[in-house]
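Note sheet for the following structure.
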Amino acid sequence: MKFEYKVENLRLHGMTSMVLTKEHENKLNELGEEGWEMVGFTSSASGRNIAAVFKRARS
């Protein structure tokens, strides 16, 4: 089986606590509906951004 990969950069919101918003949740759900599965993520040194890695089977 072959896979394709996608990286989504998510900018977190908040002053003291970095949080994901409903918009982030909607985007992640949209990707799930398209067949993308999150396989990993990492945050930037500042903690303000998350790079999420997704994969799905190639059609």
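Show me, for the range 3-10, the HN-Hα J-couplings you get by feeding each phi into the Karplus relation (A = 6.51, B = -1.76, C = 1.60, θ = phi - 60°), rounded to Hz, glycine and proline as x.
Values per residue, Gly and Pro as x: 10, 10, 10, 9, 10, 10, 9, 10 Hz.
Determine which lysines satisfy two conditions relative to Lys55: a Cα distance under 17 Å, and not lying fewer than 8 residues away in the same chain.
Filter leaves Lys2, Lys6, Lys27.
Find out how many positive minus negative residues lie around Arg58, taking Lys and Arg as positive, Asp and Glu as negative, among other residues whose Cβ is under 15 Å from that of Arg58.
Summing Lys/Arg as +1 and Asp/Glu as -1 gives +1.
Which angle between 0 and 90 degrees, to the nearest 10, do you get for helix 22-33 versus the longest principal axis of the chain when only C-alpha atoms count?
The angle comes out near 10 degrees.
With the calculation restricted to Cα positions, what are the radius of gyration and Dmax of the chain in angstrom?
Values for the chain (Cα only, Rg and Dmax): 12.8, 44 Å.
Could you tally the net charge around Arg11, taking each other residue with its Cβ under 12 Å from the Cβ of Arg11, Lys/Arg +1 and Asp/Glu -1?
On the way: positive: Lys27, Arg48; negative: Glu8, Glu23.
That sum, taken over residues with Cβ under 12 Å, equals 0.
No lab work stands behind these numbers, since they all come straight from the coordinates. This one's a predicted model, so the numbers in the text were calculated from it and none came from an experiment. Here the Cβ is made from the backbone with ideal geometry for all residues, glycine too, and neighbour counts use every protein chain on show.
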